[in-house]
Structures are given as C-alpha cells and as structure tokens.
Amino acid sequence: MTLFRRSEFIIACILFAAMIIIGLINPAFWSLDNLFGLLRSNVIIGIMALGVLVVMISGGIDVSFTAFAAAAMYLTIKLMIYIGYEGVFLPFVAATLIGLFLGAFNAFFIHTFRMIPLIVTLGTGSVVRGLLLGLVGTSVINIDKMPQQLIAFAKTDLVSLTSATGTNFGLTAMILIYLGLALATHLFLRHTMAGRSIFALGGAPEAASRVGFNTRRTLFFVYCFAGALAGFAGLLHGSMIWLANPRDFAGLELDVIAAVVLGGASIFGGRGSVIGTLLGVFMLVMVKNSLIIMKVDTTWQRVVVGLIIIVATALTAWRDRKKLV
Amino acid sequence: MSEHLLELKNIGKRFGGLVALDAVSLAIKPGEIHCLAGENGSGKSTIIKIMAGVYQPSDGEILIDGKPVSGMTPAQSVQHGIQVIYQDFSLFGNLTVAENLALNTLLLEGKRTVNWRRVRELAEKALARLGVTMDLDADVETLPTSGKQIVAIARAVMADARLIIMDEPTTALTRHEVDALFRIVRDIQAQGIAVLFVSHKMREMLEISERLTVLRNGKKVAEGPIGDFDEPAITRAMTGHDLTDQVYRWQPTKGDTLPRLDVRNLSIAGSLDDINLTLHAGEIVGLSGLIGSGRTELALALFGMHPKFTGTVKVDGTGVHPRTVQEAIASGLAYVPEDRLTEGLFLTQSIERNMLATSIDNFVRGLFIDRSKTAKATTSMFGAMQIAAPGPYTPVNHLSGGNQQRVVLARWLLTGARVLILNGPTVGVDVGSKAQIHRKIRELATQDGLAVLMISDDVPELVQNCNRVIIMHRGRFVDEIGPDVLDEDTLNDRLKALK
C-alpha cells in the first residue's frame, strides 16, 4: 500500500506544481470565481470517472458511458416533459436505472462471449447513440422547455458571493453529490468484499474465481455501476447547463479516461484509487480550463488531452515495471 | 477413523476417446509427505484436478477419511481440507501479502466488509504457523518466486488444510530456496498436514518424500516407500527405459588455439565486474550462482541487450561489441532465454515460423521469402530435432515444454550461431525430454563445433554436460570447478557456501 499511496502523493505534488505555474502565468487563476468554476466543471467528469475507475480496476475499459449518459438524460427529460412530471428525485432514479440497464448489456457481452471490453463498449456506445437519435429524436431541448425543477435543483449553491464588479457567483452544491459519491465509492472499494473482488478480478481473473469470488457478479456490477453513474451524471449535466442535447458528451469519454489514468489507475487493471481519480479529474479540468483562459483553440485542447493520456499511461506503465524489478 | 486421509481407488478418467487415467490407486496418510512423479502427459495434472474436485472421475472411487465421496466439487474438496497450490500460485500480484493471506478466510466466513486490522492479524497468524516473517504490506508481485510460494503455502495452511498438493514446487527455485521450502514442508508436516508433491525432479523428491507413486501414460507403474527407490529406478519407471547418465567431457584439441568466444574485462556498472571468459569450440561451460548473481546480465550483455558494457568480446578472434540483438546474431552469438514461453516463442505461430524467426533474412530472394528453401531447412531441422508433432505447421502452443525448447534450439541452429548461450535449458522439462535436449546440446558442441555457455541451477545437469563450471556471485566470477574435480557434491558444497 505504501507504493500506492506514494503514487497519489506524486500526483498531488504535480497538481500543486501545475497550479502554481498556472497561477504565475495567470493570477486570475486563484480568484474564488475561477476556483468555484473549476470545481463546478469537476462534477460531471468526476462522477463519470468514478465509474470508469471501477471498470479499469477490474481490468476492463468502458467507452460507451457517454452514449449512455446522453441516452439517460434525453430519455428522462423527454419523458418528464411528455407526462408533465414535476419532481427531481424520481427522474434521477430513472436516469440512473437507464444507465445501469445499458451497462448490463456491456457486462452480458463481455462475460458471455468473452469479448474484449473495448470492442464491446465501442459497439454498444455506437448502437445506443444511433438508436437515441434515430428513434427518440435529434432536437435539442432548450431552457424554455426544460423542466424548471431540475434547473432550480442544479442551481443550488453552497456559498453565494458577489464579485467586485458586481456579478454574482457561487459554489454549486452539486459538488457535494460528487464528493458524496466519491466517498461511497472509496468506502466500497476499500472496505467491502465486493470492492476487493474488483481488485482481485483485475489482478488475476483466474485466481479470483479459484479463490471463490463470484467473478460473473463482479463483472456485471462493474459495468452496471459505470452505466448507472453515467446515467446519473447525464441528467445532472442537463440540469446544470439547462438544456438536453442528444448529441452531448461526444468525445468526452477520452477526457474521462485521461483523468482516471492521470489519477494513477493502471490501464492493465488491478490498480487505482478514488483519491487519485479525484486528483486526476481536477488536474485535467484545470489544464483544459487554463487553455481556455489562455485562449487556446479547442482543436488544440484535443492534442493536449491525447498527450495527457499517452504520458500518464507511460508513467504508470513505467511505475509498474520498475516495481517488478 | 481410517488409516488414510485420502484414498483413490481404481480411478479412471476419459476425455472423449482419450484415456487420461487408467485404474490408478493412490492413498495418502495423514501427515505424510508423498510424491507423485511422472513425465508431462502421464496424467499427473488430471489426478490433481480430480482430487481438487475440478474433474469427476469416469470410474473408481474417492474415499476421504474412509468414507466414499462422489460428485465432489472444488468447494467440497476445500471443505475436506484439500488445498492445491498450482504452479502459478493463484495469487493476486496487485494486492498485499496480508490481503492475499486473509482473503480466503474472509470469503469462507461470508464476510461482506473488510476489517483491515483483522486482515493483518490473520496474515500474521498464517505466517507464524510457517515460522517465517515477511513484509505484510508488500505487493505480492514484488516478491521473488520463493516468497510467492511461501504466501501460497501459508494461505493453504490457513484454510485448515489437511492435505496440501503442490504442483512442481521446486521448478523456479534455487538450491537455497529449495532447502528453505523443505524446512517449511517438514514444519507443516509436524502440524499433521500431509503434503503431496507432484514433480519430475527425482533427486529433490528423494530428499524429502516418504512415499512415492509413479505414473506413466495414465497408469500407475510403481509405488512404495522412498527407501525402495533410487534415481535410476524412478527414471526407469517414469520413462519406461534407462536413460544414459553418461558424463560429457570436452577434450581440448591441440594446436587449435583460437577460442570461439573470448571475453576480456567485461564490466557493467552495478551488475558485472571484470568478467574474463574463454570458450573453445566443442566446449560446454556451466555458469551457476544465486539468482541475481549477474549471470543473466552477462548473457544479455553478450547478446546485445546491455550495450553499455566495457571490455572486449571476440568471436573467433574478431572483436565485436553487440549493441543490438541483431548485431549479436550477425556476429555468431545466440541466446536461449530462461523463460522460453514469454521471451522466446510466438506461441500461436507454427513450428516452422518459430524456427525461421531469427534467420529469415537468409531465406530471402529479392523481396520475397524463398518458400522452397525455408521448407527444406525447416523440414530437415524438424526431423533432426525429433520434435513430437504432426508436422512443422503445428502451432507451438500445442507442444510440450521439451518440444518447445527444441524449437528454440532449432531456431538458433538456423542462424548459424557459433556461440550458444543457454539459460536454464531444461527448466520445466521432464526427464525424458531433458535427456534428449542434453544429447542435442552435446551434438551441437561436438559435431557443429559450437561453444556453449550453460546457465543453470540444476546441479546434475551441469555436472553431466559441462567441462567446467564457473560460479558467479555479486557480478563476479568467484570460483571455477575444473573437469578433474567436478562432481555433484563439490558443486553443491561450493554453491551452498555462497551467501
């Protein structure tokens, strides 16, 4: 565990170093306004990252969750508008269940046909996106049509301040949901047998079943968990930006995976932690945010995200190899 | 209470039309150390799996504590106190020693949450029963093989084992580690636990076992107290014929002074210190020492994988400094790695392609591969190496360990190598194949005039094949045993003296 802790420590150090450098280039970085904005941008990517983390620890990968998020968001909001439902709690349950149900398909194919997770989730992601656009609709639901309760809920702030220029800003309460989910995931991974079974499966699948873990259940759990979190995050995202776009989240899967890898999770499975992932998500969001502040073109942001994935993976691979010597 | 803990009576097992086991009986008493010997394919693995409840026997009866048990599942086998330690140990490399040791117990108790203090307590208790100490917080993948094995044994003991079955437990261990393992085994025997070794290393089995059962082609061919056997008797039982135990000693030819390989003052900072080595054509020189003594580094340096060495290397009088594997091959060096499975072979590819992998440049005409030339070369090599397979197109993963090793040797012969470096040439290979591989290596030395450097932990192998044995320790050559004094006792003593 000491090595494990050490890699999180290193990530934290890099993060602080990066914050100091960015702060030097652009002092506005340290303004509360900007920091609150950063934290807000952590919420959606972060919740999705928790799901991807769990999948990656189990030795798998998921690239379909963004499609599931879009489907869960769009279907739930469409249905809410159709039946004129005015609540908050049940829609989130519905979105979570939609994601969970779709995740079960991933697990089914991966388990039953021993297929490679990347291929399966590429396929299911594409199918779900296509079905959503083909059967449900392509039109964006704007603020005037969006259920107002959802918007009101997502507007909740923890702190509200007024800046020197007179504009209002605040720290979104949604960060609590994110941190709550992170804490729950951490406790689950670290302190339950089901959580340990995920590490066991990612470390040595054959041994896991020999020892007596129910690997089938673990596999289903992992992909359902990722789907469920994505579904939840999808609806929350729609509520926070006040619109539901069925084409949303395209390409976001790479950002999320980059964040998880940046957080020290091994792409080969068996290693990863919630704390690392929180740090990884923060780092990724911060880097992208700084690029925007520095007015770097969005196309170049893709380059940065790609590089982050490559460098972070190389570093973790290097770490794992060094340990074997 | 019956005299026997576990009794197999006339067990038969058929897979389709294939008979894997034919009326095999085996009885294990509580607290006895029993050895099950047999070559690859003799039915050893099948019988382990029957005892573990993975396979159901087609015929016969299993008795545990004198009571017949039928339709035993793996879980029931564990409940009866039978624990199997497979060669891969079934451990979790990404988890700590403590967690690996405690997981079984926690699972057995049907726990839903993990109490980490209890995990440590369980792990400490498990190691205490073996009388060993270990860093509980180390990840298992950072441990050496011997450490992993101790964790696996401790885990089995923890699960209230009454019989621990160990599949080829000594394969990847050095002599020191084997001694340590045997101490632990005697210790758990004193706690009333029976141990069944499944192995083909007769010498070590003779040392520790009390009773022996030998399988050949799915039939029991010999059994009895260990005192009734000696090494040739076991070998005969396992292979069905006598194997020549003839010792090979190279005779220096007069006048021929140019050595095949001449290494002067070879050093690598931190791992090798001033190595001087001369190998002549036809000579087989052994290289031994503890793991980490630098012997593998030396091989890798000669083979162009540690290009930053200092000193000179000459092959047939020509100075070379291999910076890449390609350069090493071109200068007549060949290296057969320790782990042929991960380092040397393309498992899903055919024998032919594996043989050609390093010498394919010699079979090219213009832009294309000369198919008739490759077919001729590989077919003759296939015959010369006596590879047991339907033909050169069989994928290598269908072959036994011994046959795979022959494919690797064949590959290097095709490169026209003049110096052959073998690292653990018969690790994991059964006695019959081993003798054939040794014969092949000697032929390469005598008939093809190769100089062979044989890195090995296998004392009999070194003594039988090598003209002299060099002992390495901490990156230096510390000892050399010449042809006049080379025998197993001397070599064993000198190796044991290393600390």
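Overall shape: prolate for chain B, with the ratio a/c of the largest to smallest alpha carbon gyration tensor axis at 1.5 or above and a/b above b/c. Only helices enter the 222 nm calculation for chain B: every DSSP H run of n ≥ 4 contributes -39,500 (n - 2.57), and dividing by all residues gives -10000 deg cm²/dmol, rounded to 500. Taking a ≥ b ≥ c as the square roots of the eigenvalues of the alpha carbon gyration tensor, the stretch A:2-320 is oblate, as a/c is not under 1.5 and a/b does not beat b/c. Straight-line cross-link reach from A:K288 at under 17 Å between alpha-carbon atoms covers these aspartates and glutamates, not counting any fewer than eight positions away in the same chain: A:D33, A:E253, A:D255, A:D297. The trypsin sites (Lys or Arg not before Pro) of the stretch A:85-159 that DSSP puts in a loop, and whose beta carbon has at most 11 other beta carbons within 10 Å, are A:R114. For the stretch B:95-163, what does the alpha-carbon gyration tensor say about shape, rounded, prolate or oblate, given a ≥ b ≥ c as the root eigenvalues, a/c under 1.5 as rounded, and a/b over b/c as prolate? Oblate shape, in that a/c is at least 1.5 and b/c is the bigger or equal ratio. Working note: Karplus 6.51/-1.76/1.60 with θ = phi - 60° gives the stretch A:193-200 the couplings 5, 4, x, 5, 5, 5, 4, 4 Hz, where Gly and Pro are set to x. Within the same chain, aspartates and glutamates fewer than 8 places from A:K145 are excluded, and of the rest, those with a Cα less than 13 Å from its Cα are A:E86. Mean separation of Cα pairs under 8 Å and 6 or more residues apart, divided by the residue count, gives the stretch B:261-496 a relative contact order of 29 percent. Would you work out the relative contact order for chain B, in percent, from Cα pairs under 8 angstrom that are 6 or more residues apart? Value for chain B: 15 percent. Extension gain for the segment B:Q386 to B:D230, taken as residue separation times 0.36 nm less the Cα-Cα distance, is 53.3 nm to one decimal.
The trypsin sites (Lys or Arg not before Pro) found in the stretch A:249-310 that occupy coil by DSSP, while having at most 12 further C-beta atoms within 10 Å, are A:K295. Quote the FRET efficiency, to the nearest 0.05, computed for A:L15 versus B:E327 with a Förster distance R0 of 35 Å and r equal to the Cβ-Cβ distance. Calculated value: 0.20. The eigenvalues of the Cα gyration tensor, multiplied by 5 and square-rooted, give the stretch B:261-496 an equivalent ellipsoid with semi-axes of 29, 21, 15 Å from largest to smallest. The phi torsions of the stretch B:93-100, fed into the Karplus equation with coefficients 6.51, -1.76 and 1.60 and a -60° offset, translate into couplings of x, 7, 10, 6, 4, 4, 5, 4 Hz, rounded to whole numbers, with Gly and Pro shown as x.
Here the stretch A:261-325 and the stretch A:151-222 have alpha carbon centers that stand 18 Å from each other.
Over the stretch B:160-213, Cα pairs under 8 Å with separation of 6+ residues give a relative contact order of 51 percent.
Inter-chain neighbour count for B:378-387: the average number of beta-carbon atoms from partner chains within 10 Å of each residue's beta-carbon is 0. Inter-label distance, A:L79 to B:F368: 6.4 nm, where each label sits 7 Å from its Cα along the C-beta direction. Database remark: amide H of B:I165 closer than 5 angstrom to the amide H of B:Q83, B:V84, B:I85, B:L196 (H placed geometrically; neighbours at sequence offset of 5 or more, or on other chains; Pro and chain starts carry no H). Chains A and B together bury roughly 1900 Å² of accessible area, counting both sides, with a 1.4 Å probe on protein heavy atoms only. Going from the chain on its own to the full set of protein chains, the stretch A:198-218 has these residues losing 50 Å² or more of accessible surface (heavy atoms, 1.4 Å probe, no ligands, DNA or RNA): A:R210, A:V211.
Between the beta carbons of B:T310 and B:E168, assuming R0 = 41 Å, the FRET efficiency works out to 0.55 to the nearest 0.05.
Working note: Karplus 6.51/-1.76/1.60 with θ = phi - 60° gives the stretch B:160-171 the couplings 6, 5, 10, 9, 10, 9, 10, 8, 6, x, 9, 3 Hz, where Gly and Pro are set to x. Per-residue ellipticity at 222 nm, computed for chain A from helices alone with -39500 (n - 2.57) per DSSP H run of at least four residues, works out to -24500 deg cm²/dmol.
Less than 5 angstrom separates the built amide H of B:L95 from those of B:V140, B:E141, all sequence-distant by 5 or more or on a different chain. Once the Cα-Cα distance is subtracted from the 0.36 nm per residue extended length, the B:K125 to B:V247 segment shows a gain of 39.1 nm. Rolling a 1.4 angstrom probe over the protein heavy atoms with all chains in place gives the stretch B:261-496 an accessible area of 41 Å² per residue. Which lysines does B:K111 reach when only Cα atoms under 21 Å apart count, and residues fewer than 8 places away in its own chain are ignored? Partners within reach: B:K125.
Rounded to the nearest 0.05, what FRET efficiency is calculated for B:T379 and B:R14 with R0 set to 41 Å and r the Cβ-Cβ distance? With a Förster radius of 41 Å, E is 0.70.
The dipole here belongs to the protein assembly as shown: it is taken about the Cα centre, uses +1 on the Cβ of Lys and Arg and -1 on the Cβ of Asp and Glu, and is about 1660 debye. Per-atom-type breakdown for the protein assembly as shown gives carbon and sulfur 59% of the accessible area (1.4 Å probe, protein chains only). Close amide-amide hydrogen proximity is noted between B:I33 and B:V195, B:E210, B:R211, each under 5 Å apart and 5 or more residues distant or on a separate chain (H modeled in the peptide plane; Pro and chain starts excluded).
The values are calculated or read from the model by the stated rules, or taken from the named source; none is laboratory data. Since this is a predicted model, take the numbers as computed values, not measurements. All Cβ positions, even for glycine, are placed from backbone atoms using ideal geometry, and neighbour counts span all protein chains on display. The protein model used for the area step is the full one, side chains on, heavy atoms only, and it has no ligands, DNA or RNA in it. Shrake-Rupley method; radii C 1.70, N 1.55, O 1.52, S 1.80 Å.
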